[in-house]
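Input: a single structure, listed below in C-alpha cells.
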Amino acid sequence: MMTMALTEPPREADRSLALFALGASISFGEDVAQALGADLAALEDREFEDGEYKIRPLENVRGRDCYVVFTLNGDEVASSADKLCKLLFFVGALKDAGAQRVTAVTPYLCFARKDRRTKPRDPVTTRYVAQLFEAIGTDRVVCVDVHNIAAFQNAFRCETVHLDAQALFARHVVANIGDRPVAVVSPDLGGEKRAELFRLRLERMLKRPVAKAFMDKYRSEGHVAGDIFAGDVKDRSAIIIDDLIAGGGTVARTAAACRANGAAHVWVAATHGVFSQKAASALKSAPIDRLIITDTTPLQPSMAALGDRLMVVSVAGLLAEAIRRLHVNGSITQLLEDGP
C-alpha cells in the first residue's frame, strides 16, 4: 500500500481559531492541524461504565471560531450513530461555552445514502441528520464527497461546504497514466454526473479526448441487479469513479464488465473506503489494477490484502486549506476547482 499526502507548509497559528478532533479522527486531525500550522485544542472525552460519555473543551473557546474534525463511519469501537451523538454533544458544549462559531468538519457524513424515498414510507435520513445538526446550533457543516450533493445542500438550513477529491485523483491519474487512452466509468447511473465532471477534468489536464462508460445497477432490499454496460473501454485504461466503497461488490462487478468489454487496465478511484468485513475478499479477487482511496476514514487492517494495488491519497491538506479560508471568510471556489 502506498500513501501520498498533498499539504502546504505550516503557517503561523491563529489564536482566534480552535481546532479539535474526536475519537478515531485524532490522527487525521493532527495531519490537518500540521497542514494548517496549528495545534489540536485540548478536550476531555470520558466514557462511563454504561457506555455513556462526557466530552468538553479543556481551554477557553469564548469568542473563538471552532472547527471539530470527526469522520462518522461506523467501526468496531463505535457505530455511526454513536459518533454522530458524540459530535453533536461536543458542538453543543462548545456553543454553551461561548464559541462564536462552530463548524462540524465531517469528511465522511453518516446516513447520507438514504436521501430520498424510493419505496412507500421510506425515511429521508439525510434530512433528519441535518435537523439534528441545526437543533444543536451548528453554524456550518463541511463534508467531502457526500453521496448526493443536491440532497445534502437541500437538507441543511445552516451553511454547508461540500469539498471533493476529484482534483487529487486527477493529479494522480495524470502523473501515472502515461499516453495510454483513457475512459472514465460510472458504476451506476446515479453517479454519472460525478463521472462526467471527472472525465471533463481529465480531458482538460491530459489535453486529449477521454471516453466514457457506465454500468447499470439496481438495488432492492440489499440485492444488486443490472447487467447493461454501455460505452467505449476497449484497449483503454478504464477509471471507475465513485464516492464510496462498502462491500466492494459494485466496483468488482463494474471492473469485471470493463475487462469483458476489452479494457486494457482497470483503476478504481473512490473517496471513502468504508470497507465492510467482506470487502477485502471481494476486491482482492476483482480484476482491478489499482485502487485509489482517501484518508477520510481510517483504513481497515484487512485491506492490506490488496498490497501495492491499494493507494491512499490524503485530503488533510484540502480540509486545512478550506478551514483556513473559511476562518477569514474567504472564498473556496478556486479550491474546489484546483484542490490544495
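A few comments on the model shown:
- Selected from Ile177, Ile241, Ile293 as most flexible by GNM, with the chain as the system and alpha-carbon contacts under 10 Å: Ile177
- Test item: Cα-centred dipole of the range 186-340, Lys/Arg +1 and Asp/Glu -1 on Cβ, debye: 240 debye
- Between Asp338 and Asn176, the modelled label-to-label distance comes to 2.5 nm, taking each label 7 Å out from Cα in the direction of the beta carbon.
- If R0 equals 30 Å, the separation of the Cβ atoms of Tyr128 and Asp308 corresponds to a calculated FRET efficiency of about 0.15.
- Calculated log₁₀ intensity ratio I(q)/I(0) where the Debye formula runs over C-alpha points of the range 166-313, q = 0.12, 0.21 Å⁻¹: -0.43, -1.41
- Compactness ratio for the range 94-226: Cα radius of gyration over 2.2 N^0.38 Å (N = residue count) comes to 1.31.
- Ordering 306-312, 66-72, 139-145, 24-30 by mean Cβ neighbour count within 10 Å, with the highest value first, yields 66-72, 139-145, 24-30, 306-312.
- Extent along principal axes [Cα atoms of the range 113-188; Å; largest to smallest]: 51, 33, 12
- Protection proxy ranking of 113-126, 242-255 - average other beta-carbon atoms within 10 Å, highest first: 242-255, 113-126
- Short-range pairs are left out: with C-alpha atoms under 8 Å and at least six residues apart, the relative contact order of the range 112-163 is 39 percent.
- With R₀ fixed at 41 Å, the C-beta to C-beta distance from Arg157 to Val77 puts the FRET efficiency at about 0.85.
- Counting DSSP beta bridges with both ends in the chain, the antiparallel % (nearest 5): 20 percent
- In Hz, Karplus ³J(HN,Hα) per residue of the range 122-137 (6.51, -1.76, 1.60; θ = phi - 60°; x = Gly, Pro): 4, x, 10, 5, 4, 5, 5, 4, 4, 5, 5, 4, 5, 5, 7, x
- Highest mean packing first, where packing is the average number of other Cβ atoms within 10 Å per residue, the peptides 266-275, 198-207 line up as 266-275, 198-207.
- For the chain, radius of gyration divided by Kirkwood radius, i.e. Rg to Rh on alpha-carbons: 0.97
- Rounded to the nearest 0.05, the FRET efficiency derived from the C-beta distance between Asp232 and Asp39 at R0 = 45 Å is 0.30.
- Near Val161, once Lys and Arg are set to +1 and Asp and Glu to -1 for all other residues with Cβ below 10 Å from its Cβ, the sum equals +1.
Read-outs: derived from the displayed coordinates by stated rules, not from any lab. Note that this is a predicted model, so its numbers are computed, not measured. Quick reminder, even Gly has a Cβ in these numbers, built from the backbone with ideal geometry, and neighbours come from all protein chains shown.
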